[in-house]
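The values are calculated or read from the model by the stated rules, or taken from the named source; none is laboratory data. The structure presented is a predicted model; accordingly, all values stated were derived computationally and were not measured. Here the Cβ positions follow ideal geometry from the backbone for every residue, glycine too, while neighbour counts run over all protein chains shown.
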Amino acid sequence: MRADPTKYYPLIPVYVAYLAMFLIGSNMTGMWQLMAMLAFYCALGQAFNIFLGMTGYVDFGYVAFLGVGTYGMALGITKLAHVEELGIGIIIIGLALAVVMATLLSLAVGAVALRLRGAYFAIATIGVNEGFRYFIEGAKIWNGSEGMIFTAELNQIFGRETASALSTFWADVLVLIIAAAAAFVTLYYMKSKIGYALTALREDEDAAKVMGIHVTKYKIIAFITSAVFAGLLGASAWALKTPYVFPPEVFEIHYTVEAIIIVLLGGAGTLLGPLVGGLIYGLSKYYLSIVLPGFQLLIFAPIIILIIVFFPEGIVGMLKNRVKGTALEQYVL
Amino acid sequence: MSLLKLDRVTKRFGGLLAVDHVSLEIEAGELIAIVGPNGAGKTTLFNIMSGVFIPDEGRVIFEGRDISRLPPYKRAPLGIGRTFQIPRPFSSATVRENIAIGAMFGTLGKKVSVDESLKIADRYIDMVGLQLHRGKAAGSLTPVEKKMMEIARALAMNPKLLLMDEAMAGMNPKDIDHMVAFLMRIKDEEKISVIAMVEHIMRAVAGLAERVMVMHQGAKLVDAATTEALSDPRVVEVYFGGAPKEFKKNWKKTNGPESDKGTA
């Protein structure tokens, strides 16, 4: 793309927020875990938004991409732990495996399900995560239902201290980097033909086709991109942070629902939305679990209803309309 | 070689014969109107031309190439643009973005960048007179503005053939005259062929088209020069359920026994 710096201004508030999260976490005692949780939710929203927000299609099986990403990292570490000269390269191989596995799964799911429209697509994807979980358990691949624990391998490769820093610090930094990268890709898509094609098909798929847009191609592009970030997120936030993986935990539909809430709350299809949604969701979940333990999930239902009634375009969607015509306009997207 | 040729195309929906062996040819630079009452099969015929439906029988030939089975997104880059009966804007996008989408994926396709497409969009915004609405969400326009935006979006595709589905329904006579003048102008300026579909606004047909095809119950009833077609008693009958006897007699006298030449 030709250099036009104003195009990238909307990234400024996003990156300032991620930097602030990093600084607060690393400088204030006791804040790192909270910031890590918020970063995870922001990254989850940012990744899912590329598909849900930009195409308007709801993928209920989305968590499966995080799941296979987690397995990618787990497999990389356990299978290659004996190759000593790899060093830090093993993490890169793990991330690459996560990307490859998420891509393959998204191609398989997308090739079938993306031929369906709207609600039919959503229904078709509901079983993907559960199906994959039972496949792993039933076929006994990758240790089946016993899962994989690779704390020992990490300690063996990096030594106890580095391995510990890896899971308590670097994994979270990686999550922040993934969130930032997903935000960049979102903006890049928005400003390119891909974004225009996705807007068109989200608004009216038949009209988009008649305008010359190969809708299936663009849906698959968004789907794979979104899945790749989910895979990376699983590999870092789940595999590196907690060095084990059990099928029932990583294919839990609960995370898909959280991702949907974050995207809709912040503003589907906006750049800033997943960040705002992730922060609000993460913070309220955190404080509700302290103030009213056990109620945090119950309270979300009324909150979601309120959002849908009062801010159907999400918080950032509403904000965008407010700042239209002001100097802030070019920073809010 | 004609630009678009329909060769006995037929489309059935279950037992309903929506389009019945219709043939039609349009030359480059020609402007024709397809008229017919509600349910005559005009929209189905349009959908066959733009690729929304695949014909059950017959062929669609564009610039000598058989495109009968080509999906719509492959027809647009060849040069077929269309508007819809009920406007279908990409509501959340701005007027400028909507029109730019036309430029991005039309015949210019890979040749234009996003920035160039937005510049092209500006040109068509000026042409259809939507300057004041450039940055507005397309969904917030009035119905007439949406129609103008759709025309601009289709023109930005830089088509060779523009299919206009009921472009003037719901407009007042002043708007219709304005639109007719506009269509005549762009046809010459942009050097494109136009097939306009009109249900019953004869004011528009008379002012617009050199040639008219009248459809009735899926079949082609008349395909003739405009004045001739509109005074054909069969056409009058389709619209009014029977022409007055006087009318028929006079018409026979002036047109003579060859009056059946338009029959399909």
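Quick check: anything in the range A:236-248 over 20 Å from A:Met73 (Cα atoms), away from every other protein chain (no Cβ under 14 Å) and of a type in the set (A, V, I, L, M, F, W, C)? Looking for residues that are over 20 Å from A:Met73 (Cα atoms), away from every other protein chain (no Cβ under 14 Å) and of a type in the set (A, V, I, L, M, F, W, C), one finds none in the range A:236-248, hence no. In the range A:211-219, the condition of being more than 10 Å from chain B (Cβ to nearest Cβ), of a type in the set (Lys, Arg) and within 24 Å of B:Leu78 (Cβ to Cβ) is met by at least one residue. When the strands (runs of 3 or more DSSP E) confined to the range B:24-92 are screened for residues that are in contact (Cβ under 8 Å) with a residue 12 or more places away in the chain, more than 9 Å from chain A (Cβ to nearest Cβ) and under 30 Å from B:Arg134 (Cα atoms), those reaching at least 1 such residues are found at B:31-35. Out of all the residues in the range A:192-205, is one or more out of contact with any Asp or Glu (no Cβ under 6 Å at 6 or more places or on another chain), surrounded by fewer than 23 Cβ atoms within 10 Å (Cβ to Cβ) and away from chain B (no Cβ under 14 Å)? No, there is no match, as no residue in the range A:192-205 is out of contact with any Asp or Glu (no Cβ under 6 Å at 6 or more places or on another chain), surrounded by fewer than 23 Cβ atoms within 10 Å (Cβ to Cβ) and away from chain B (no Cβ under 14 Å).
Look at B:Met1 and say whether it is more than 28 Å from B:Val212 (Cβ to Cβ), over 19 Å from the mean Cα position of the chain (by Cα) and either of a type outside the set (Val, Ile, Thr) or more than 14 Å from every other protein chain (Cβ to nearest Cβ) (or both). Even if it seems obvious, please write down each step before you answer.
Numbers: more than 28 Å from B:Val212 (Cβ to Cβ): no; over 19 Å from the mean Cα position of the chain (by Cα): yes; either of a type outside the set (Val, Ile, Thr) or more than 14 Å from every other protein chain (Cβ to nearest Cβ) (or both): yes.
Spelling it out, it is not the case that B:Met1 is more than 28 Å from B:Val212 (Cβ to Cβ), over 19 Å from the mean Cα position of the chain (by Cα) and either of a type outside the set (Val, Ile, Thr) or more than 14 Å from every other protein chain (Cβ to nearest Cβ) (or both).
When A:Ala235, A:Ala259, A:Ala239, A:Ala227 are screened for being in contact with a strand residue (DSSP E or B) (Cβ under 9 Å, 6 or more places away or on another chain) and assigned to a helix (DSSP H, G or I), only A:Ala239 passes.
Scanning the range A:1-20 for residues that are closer than 29 Å to A:Phe65 by Cβ, of a type in the set (Ser, Thr, Tyr) and not in a helix (DSSP H, G or I) yields a total of 0. Among the numbered criteria (1) closer than 30 Å to B:Lys110 by Cβ; (2) more than 14 Å from every other protein chain (Cβ to nearest Cβ); (3) crowded, with 22+ Cβ neighbours inside 10 Å, which single criterion is violated by A:Val175? Failing condition for A:Val175: (1). When B:Lys42, B:Lys11 are checked against the criterion of being farther than 23 Å from B:Ala204 by Cβ and in the same structural domain as B:Val194 (by TED's automatic domain parsing), B:Lys11 stands alone in meeting it.
So in the range B:102-140, with the set limited to residues that are assigned to a loop (DSSP other than H, G, I, E, B) and either within 11 Å of chain A (Cβ to nearest Cβ) or charged (D, E, K, R) (or both), which one is surrounded by the fewest Cβ atoms within 10 Å (Cβ to Cβ)? Within the range B:102-140, the match that is surrounded by the fewest Cβ atoms within 10 Å (Cβ to Cβ) is B:Gly135. The residues of the range A:232-257 that are farther than 17 Å from A:Glu130 by Cα and surrounded by 21 or more Cβ atoms within 10 Å (Cβ to Cβ), listed by number, are A:Leu232, A:Leu233, A:Ala235, A:Ser236, A:Ala237, A:Trp238, A:Ala239, A:Leu240, A:Pro243.
Name the single residue that is nearest to A:Ala171 (Cα to Cα) among those in the range A:1-22 being free of Cβ contacts under 8 Å to residues at least 12 places away in the same chain and under 22 Å from the mean Cα position of the chain (by Cα). Before the answer, list the steps.
Let us first name the residues in the range A:1-22 that are free of Cβ contacts under 8 Å to residues at least 12 places away in the same chain, namely A:2-5, A:16, A:19-20.
Then drop every residue that is not under 22 Å from the mean Cα position of the chain (by Cα), which leaves A:16, A:19-20.
Values: A:Val16: 20, A:Leu19: 16, A:Ala20: 17 Å.
So the residue we want is A:Leu19.
Of all residues being assigned to a loop (DSSP other than H, G, I, E, B) and modelled with pLDDT of 85 or more in the range B:156-182, which is surrounded by the most Cβ atoms within 10 Å (Cβ to Cβ)? Just the residue, please. That would be B:Met157.
Quick check on this structure: which one of B:Arg203, B:Arg185, B:Arg153 is modelled with pLDDT of 85 or more, out of contact with any His (no Cβ under 6 Å at 6 or more places or on another chain) and in the same structural domain as B:Thr227 (by TED's automatic domain parsing)? It would help to see each step written out before you state the result.
Values: B:Arg203 fails: modelled with pLDDT of 85 or more; B:Arg153 fails: in the same structural domain as B:Thr227 (by TED's automatic domain parsing).
Step by step, each of B:Arg203, B:Arg185, B:Arg153 is checked, and only B:Arg185 is modelled with pLDDT of 85 or more, out of contact with any His (no Cβ under 6 Å at 6 or more places or on another chain) and in the same structural domain as B:Thr227 (by TED's automatic domain parsing).
Against the conditions (1) of a type in the set (A, V, I, L, M, F, W, C); (2) in contact with a strand residue (DSSP E or B) (Cβ under 7 Å, 6 or more places away or on another chain); (3) assigned by TED's automatic domain parsing to the domain that holds B:Val52; (4) closer than 29 Å to A:Lys193 by Cβ, B:Val214 satisfies every one except (4). The residues in the range A:219-231 that are without any contact (Cβ under 8 Å) to a residue 60 or more places away in the chain and surrounded by 24 or more Cβ atoms within 10 Å (Cβ to Cβ) can be counted, and the count is 0.
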